[in-house]
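Shown next, in structure tokens, is the structure this report addresses.
The values are calculated or read from the model by the stated rules, or taken from the named source; none is laboratory data. Everything numeric in this text was worked out from a predicted model, so none of it was measured. Neighbour counts run over all protein chains shown; Cβ positions are idealised from the backbone, glycine included.
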Amino acid sequence: MSGAVDRTVDLGDLGFDRGAHLLVEHVRRGLPPGARVAVLGSDPALPVHLRAWARARGHRLDDGVLVVGGADVDRWHDAARAGDPATATADRAPAAWGLAARGALLETGGPEPGFDLDRHDVVWADIAPRLYAQALAGQWDPATAIDWSHPDALPPEVEEAVVQVMTYLIENEQAALTVPARFLGRVHPHFREVVQLLAVQVADEARHVEVFTRRARLHGRPLGESGAGGRASLQSLLDEPDFTLALFLLSVLGEGSFLNLLSFLEQHAPDRVTRSVARLVLQDEARHVAYGLAHLELAVAADPGLRPRLALAVERRHDALRDTTGLNAAVHDALIVLAAGEWTPTAIATGADRVRSLEADMDEGRRRRLARLGFTTDESAALSALHTRNFM
Ligand SMILES: [Fe+2]
Ligand SMILES: [Fe+2]
């Protein structure tokens with residue numbers, strides 16, 4: 001049965017194979033179910049294509065006139081926004097939001113991916129969007145940021161010490177890359193800025209692995225030793241399944257200690273390349289520590305029961321590593337030689353003093369960060385003392 005039409009759309013010679021559906025849909029939008037649209041056009045395939053399109057979208061054809069159906073409208077009638085596009089506000093991001101853009105109009109009935117790090121108090125830190133912006137602005141290119149072309153020549157055993165320290169740093173950087181990379185894919189995309197920040201952090205660590213490797217191989221020497229105790233210490237970071245505890249051990253305590261180690265290298269390394277590398281890596285690490293600490297501060301404020309769990313994590317790690325030797329003696333000695341720079345009793349004594357004061361600075365930094373998480377002076381001192389002698 002034919003009748004009056006509500007709207008007419010003239011497609012000219014435009015066929016459905018070249019986008020005619022967009023014009024039809026443009027006219028259809030906003031019309032109530034039952035409205036009639038005359039679709040005119042000269043494309044020979046138009047009747048066939050229009051019929052197929054109408055059926056797929058829940059409309060029908062009545063004597064060549066498109067009659068708007070209700071199904072297409074219904075598909076979206078209970079659609080809701082997937083959060084606020086400006087910022088992550090959900091206490092817990094619904095699984096159904098999945099991969100949708102934050103703020104998108106979400107059709108119901110989609111998949112529910114298992115992003116298990118989906119709670120605001122478990123992943124968020126207010127500083128994350130700002131740190132992400134800083135991280136992007138602070139990216140540097142190892143090829144141009146460091147002048148590799150005229151490296152300083154060092155006495156062979158001093159070069160060997162630098163290579164040993166680089167060898168140690170590389171395995172630590174690999175742990176610092178692996179830990180956030182493993183959690184990254186579990187963070188709900190609603191907390192987009194945290195995902196972005198962790199992604200850049202992983203990229204930072206990849207660059208750190210690269211520059212320490214380049215420095216180690218600069219003069220063609222073989223790489224140094226990798227002690228089992230050091231690797232066991234790093235393994236205990238990889239084995240921590242809880243995101244907040246892992247960030248606490250890795251970023252607050254480990255990378256926190258590394259800030260001191262990197263300043264030590266920036267100040268005392270015997271050659272310019274090592275000093276520049278340390279300075280650049282230090283800038284990135286400061287951001288990693290800032291996120292870890294900000295996240296932990298928020299988490300401790302949200303859950304008063306967290307602090308004893310943090311203490312327990314440090315104690316557990318200490319007990320697990322009790323039988324290992326901690327920092328490889330080769331690394332410890334290499335730090336002394338590196339800071340001594342030459343083979344005289346006075347220089348070696350200075351190197352040893354500098355390493356002792358590095359360890360004191362690390363301890364002081366850890367105690368300060370622990371105090372920011374609400375630990376008492378005594379608790380902070382005790383926990384800092386239990387931190388791994390491998391530094392990370
Ligand atoms: Fe790093
Ligand atoms: Fe880091």
Would you call ALA340 modelled with pLDDT under 95, over 26 Å from the mean Cα position of the chain (by Cα) and surrounded by fewer than 16 Cβ atoms within 10 Å (Cβ to Cβ)?
no
When you look at SER251, is it farther than 30 Å from ALA153 by Cα, in contact (Cβ under 8 Å) with a residue 12 or more places away in the chain and of a type in the set (S, T, N, Q), yes or no?
yes
Per the filter on the stretch 141-185, residues under 19 Å from GLU205 (Cα atoms) and of a type in the set (Asp, Glu) are ASP141, GLU171, GLU173
Filter the stretch 227-242 down to the residues that are surrounded by 17 or more Cβ atoms within 10 Å (Cβ to Cβ) and in a loop (DSSP other than H, G, I, E, B), then identify the one that is nearest to the chain's Cα centre (by Cα).
GLU240
Does GLY114 meet the test of being small (Gly, Ala, Ser), surrounded by fewer than 12 Cβ atoms within 10 Å (Cβ to Cβ) and in contact (Cβ under 8 Å) with a residue 12 or more places away in the chain?
yes
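Check the stretch 90-107 and report whether any residue there is of a type in the set (Asp, Glu) and loosely packed, with under 12 Cβ neighbours inside 10 Å.
The initial filter retains those residues of the stretch 90-107 that are of a type in the set (Asp, Glu), namely 91, 107.
Within this subset, residues satisfying the condition of being loosely packed, with under 12 Cβ neighbours inside 10 Å are 91.
Checked the stretch 90-107: at least one residue is of a type in the set (Asp, Glu) and loosely packed, with under 12 Cβ neighbours inside 10 Å.
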Of ALA45, ALA80, ALA93, the only residue that is closer than 30 Å to PHE248 by Cα and either out of contact with any Phe, Trp or Tyr (no Cβ under 6 Å at 6 or more places or on another chain) or of a type in the set (S, T, N, Q) (or both) is ALA93
Regarding ARG287, is this residue among the basic types (Lys, Arg), in contact with a helix residue (DSSP H, G or I) (Cβ under 6 Å, 6 or more places away or on another chain), over 27 Å from THR350 (Cβ atoms) and within 16 Å of ligand 2 (Cβ to nearest atom)?
yes
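Within the stretch 243-277, track down each residue that is of a type in the set (Asp, Glu) and crowded, with 23+ Cβ neighbours inside 10 Å.
The answer is GLU255, and nothing else.
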Tell me which residues, restricted to the stretch 290-303, are in contact (Cβ under 8 Å) with a residue 60 or more places away in the chain and surrounded by 22 or more Cβ atoms within 10 Å (Cβ to Cβ).
TYR291, HIS295, LEU296, ALA299
Those residues of the stretch 185-201 that are buried (at least 17 other Cβ atoms within 10 Å of the Cβ) and within 16 Å of ligand 1 (Cβ to nearest atom) come to a total of 4
Going by the conditions given, is PRO33 exposed (fewer than 14 other Cβ atoms within 10 Å of the Cβ), over 30 Å from GLU193 (Cα atoms) and not small (Gly, Ala, Ser)?
no
Boolean, LEU238 is in contact with a Ser or Thr (Cβ under 7 Å, 6 or more places away or on another chain) and under 20 Å from GLN201 (Cβ atoms)
yes
